[in-house]
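Below: the structure, in structure tokens.
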Amino acid sequence: MAQHPDPSATLLASSRRPQGAGARVLRAALLALLPALGPCAHAQVYKWVDDQGVTHYSQSPPPGGPAKGAVLNLPGAATNPDAAGAGGNDNWQDQERAFRERQAKQADARKIEEERAQKEAASRRTACLRAREALDLLGRQMRLYNLNERGEKVYLSDDERARETQRASQQAAENCQS
């Protein structure tokens, strides 16, 4: 046995939305126009359904306030009405200028960081060479000395030589990493 739809549900559905070829053409025309109007829109688009079940699209809120309707944010629509209009050309130019300034600042920051890294690497290479020279000198079997304030030779004891060797080894390990 075939079931028939509830006649009251059919009646309600038909009262909400206009039927027929004319309504379908109107709906299709509105839907076809919306994407074309989106890029040149300067405000929000409101969508609401009136008491007769007809869907409306407008840049002004529906009668009775936007609480009954939905606000559509179309791609390309300006969210700030002040930014649209005659000043629109300046807006993209300002954004382009700001973008270029950010790029220049980032490039400057990268250049400064590279220079700092190069200076640090040069400093490490110098410290590495000095530490290796000290290790080489400390490793030889000859007596080492330092000059005091009066320019006199003060020879290193075995303990001082061991401490200096340890210090030079530590500096070489820190600065001679590849």
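Here, each number is a calculation from the coordinates, and none is a lab measurement. As the structure is a computational prediction, the values presented were derived from the model and not from experiment. Here the Cβ is made from the backbone with ideal geometry for all residues, glycine too, and neighbour counts use every protein chain on show.
Each residue of region 150-164 was assigned a 3J(HN,Hα) from its phi angle through the Karplus expression (A = 6.51, B = -1.76, C = 1.60, θ = phi - 60°), giving 8, x, 8, 6, 10, 6, 7, 7, 5, 5, 5, 5, 5, 5, 5 Hz with x at Gly and Pro.
Multiplying the residue separation of residue 105 and residue 177 by 0.36 nm and subtracting their alpha-carbon distance yields 22.7 nm.
Using 1/(1 + (r/R0)^6) with R0 = 41 angstrom and r between the beta carbons of residue 135 and residue 95, what's the FRET efficiency to the nearest 0.05?
So, using R0 = 41 Å, E works out to roughly 0.10.
When the alpha carbon gyration tensor of region 104-178 is reduced to an equivalent ellipsoid, the three semi-axes, largest first, read 37, 14, 8 Å. Taking amide H positions as placed 1.01 Å from N in the peptide plane, with prolines and chain starts having none, which residues 5 or more places from residue 56, or on another chain, fall under 5 Å of its amide H? Answer set, sorted by chain and number: 48, 49, 50. List the residues of region 114-144 whose backbone N lies under 16 Å from a point placed 7 Å from the Cα of residue 165 along the Cα-to-Cβ direction. Inside the label zone: 132-144.
Distance between the 7 Å Cα→Cβ label points at residue 126 and residue 144: 2.1 nm.
Per residue of region 138-149, what does 6.51 cos²θ - 1.76 cosθ + 1.60 with θ = phi - 60° give for ³J(HN,Hα)? Whole Hz please, x for Gly and Pro, Karplus curve as stated. Whole-Hz 3J(HN,Hα) from phi for region 138-149: 5, x, 6, 8, 10, 7, 10, 9, 10, 9, 8, 4.
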